[in-house]
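As structure tokens, the structure follows; a few thoughts come after it.
The values are calculated or read from the model by the stated rules, or taken from the named source; none is laboratory data. Here the structure is a predicted model, which means the values were calculated and not measured. Cβ sites come from the backbone with ideal geometry, for glycine too, and all protein chains shown count toward neighbours. Side chains are part of the model used for accessible areas, which takes the heavy atoms of the whole protein and leaves out ligands, DNA and RNA. Shrake-Rupley method; radii C 1.70, N 1.55, O 1.52, S 1.80 Å.
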Amino acid sequence: MEVNVMKTKLFQKNLIIYELYNTFGNFFAVFFGGIFPIVMTIIFIAAFSSQAGAFKDALATQIFISNASMIPLALVFVGFSSTFSQELEQGVTQRMNLFGYSNVSMLSAKLIANLIVVTIGYILYTLVVCLAFPVLAPTVFSAVLLIASLYIMTILFFVLAYGIAMLTKRFGPCYAITMTIYFSSMILSGMMGLTQEMMPAPMKFLANLLPTAHIAQDFPKIWQSTSYNFMPFLQSMIFLAAVSGIVLAVALYRNRRL
């Protein structure tokens with residue numbers, strides 16, 4: 001019994017290490033999820049801080065908070081979905097099943113590995129940006145709220161990415177879908193310089209459905225506060241969870257029939 005438990009733990013550890021290698025070996029995921037948010041944030045802050053005057057600290061803080069959502073979007077939603085779709089297309093998961101790795105153990109290893117990589121991305125992003133620019137210190141309430149929201153979004157993006165990859169089972173279509181959603185989310189969330197005030201009504205409606213847009217719009221306002229009206233943000237989280245759940249359910253149902 002103890003030997004079997006030790007073997008299971010060793011298998012899981014090896015799976016997590018394998019998934020970490022997979023993630024760090026994905027150039028596009030590392031670039032768009034690790035380097036791109038830092039570079040974009042530095043460029044935006046440097047470009048607009050001279051025009052902000054006395055509000056340059058607040059501007060730096062707003063851009064820092066807004067662009068933090070790029071990390072789970074790129075590393076997990078785009079990066080994981082592209083890697084997993086390649087595995088499905090090449091039959092890697094089926095071969096791993098033959099070696100005794102269950103789908104549940106592989107899925108949990110993928111989630112743990114992605115959470116580890118995202119955490120590293122958050123730490124690097126925070127260190128570089130906060131050392132380079134005067135980002136305002138948050139209250140404990142707003143800091144915990146932002147961190148919790150980012151990790152919840154990470155898990156939801158993981159579920160959605162898993163469902164899309166299972167539906168397409170090919171790298172090309174999966175990558176096209178996730179990249180389209182990735183850049184659309186960035187535009188609607190104001191990460192590309194287009195604020196919600198500048199958007200037409202249909203774009204505003206779509207933006208309000210995205211938790212990333214609420215983080216970009218609301219969290220800078222409550223960065224040094226101790227209260228927040230959670231309802232609009234919670235509704236957007238529920239919407240993302242519902243879409244992710246539906247896509248996953250359809251993917252599992254289709255694969256059960258195959």
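Given the residues 183, 233, which is the only one that is under 18 Å from residue 67 (Cα atoms), open to solvent by 30 Å² or more (accessible area, probe 1.4 Å) and out of contact with any strand residue (DSSP E or B) (no Cβ under 6 Å at 6 or more places or on another chain)?
Details: 233 fails: open to solvent by 30 Å² or more (accessible area, probe 1.4 Å).
Exactly one of 183, 233 is under 18 Å from residue 67 (Cα atoms), open to solvent by 30 Å² or more (accessible area, probe 1.4 Å) and out of contact with any strand residue (DSSP E or B) (no Cβ under 6 Å at 6 or more places or on another chain), namely 183.
Applying the selection to segment 202-240, what residues are over 23 Å from residue 135 (Cα atoms) and either assigned to a loop (DSSP other than H, G, I, E, B) or among the hydroxyl-bearing types (Ser, Thr, Tyr) (or both)? Explain how you work it out, then say what you get.
Looking only at segment 202-240, we keep the residues that are over 23 Å from residue 135 (Cα atoms), and these are 202-210, 229-240.
Passing the criteria: 208, 209, 210, 229, 230, 236.
Do any helices (runs of 4 or more DSSP H) lying entirely in segment 1-56 carry at least 2 residues that are more than 30 Å from residue 187 (Cβ to Cβ) and at pLDDT below 75, and which ones are they?
2-24
Taking the criterion of being open to solvent by 10 Å² or more (accessible area, probe 1.4 Å), of a type outside the set (Asp, Glu), at positive phi and outside any helix (DSSP H, G or I), would at least one residue in segment 158-174 satisfy it?
Looking for residues that are open to solvent by 10 Å² or more (accessible area, probe 1.4 Å), of a type outside the set (Asp, Glu), at positive phi and outside any helix (DSSP H, G or I), one finds at least one in segment 158-174, hence yes.
Would it be correct to say that residue 90 is surrounded by fewer than 24 Cβ atoms within 10 Å (Cβ to Cβ), polar (S, T, N, Q) and modelled with pLDDT of 85 or more? Working first, answer last.
Values: surrounded by fewer than 24 Cβ atoms within 10 Å (Cβ to Cβ): yes; polar (S, T, N, Q): yes; modelled with pLDDT of 85 or more: yes.
The answer is yes for residue 90.
Check whether at least one residue in segment 133-150 is over 21 Å from residue 223 (Cβ atoms) and assigned to a helix (DSSP H, G or I), and report yes or no. Working first, answer last.
Residues of segment 133-150 that are over 21 Å from residue 223 (Cβ atoms), as a first pass: none.
Looking for residues that are over 21 Å from residue 223 (Cβ atoms) and assigned to a helix (DSSP H, G or I), one finds none in segment 133-150, hence no.
Looking at segment 125-145, can you tell me whether even one residue there is surrounded by fewer than 15 Cβ atoms within 10 Å (Cβ to Cβ), of a type in the set (Val, Ile, Thr) and either touching a strand residue (DSSP E or B) at 6+ places or on another chain (Cβ under 8 Å) or within 25 Å of residue 22 (Cβ to Cβ) (or both)?
yes
Could you identify the single residue in 186, 191, 179 that is assigned to a loop (DSSP other than H, G, I, E, B), of a type in the set (A, V, I, L, M, F, W, C) and in contact (Cβ under 8 Å) with a residue 60 or more places away in the chain?
Exactly one of 186, 191, 179 is assigned to a loop (DSSP other than H, G, I, E, B), of a type in the set (A, V, I, L, M, F, W, C) and in contact (Cβ under 8 Å) with a residue 60 or more places away in the chain, namely 191.
Starting from segment 110-125, keep only residues that are within 18 Å of residue 66 (Cα to Cα), then list their pairs with residues that are outside any helix (DSSP H, G or I) whose Cβ atoms are within a distance under 7 Å, requiring at least 6 positions of separation or different chains.
Going by the 7 Å Cβ cut-off, the qualifying pairs are 125/68.
Only one of 62, 51 is of a type outside the set (Ser, Thr, Tyr), loosely packed, with under 15 Cβ neighbours inside 10 Å and either under 22 Å from residue 210 (Cβ atoms) or more than 21 Å from the chain's Cα centre (by Cα) (or both). Can you tell me which?
Within the list 62, 51, the selection yields 51.
It is to be established whether one or more residues within segment 198-208 are touching a Pro at 6+ places or on another chain (Cβ under 9 Å), free of Cβ contacts under 8 Å to residues at least 60 places away in the same chain and open to solvent by 30 Å² or more (accessible area, probe 1.4 Å).
yes
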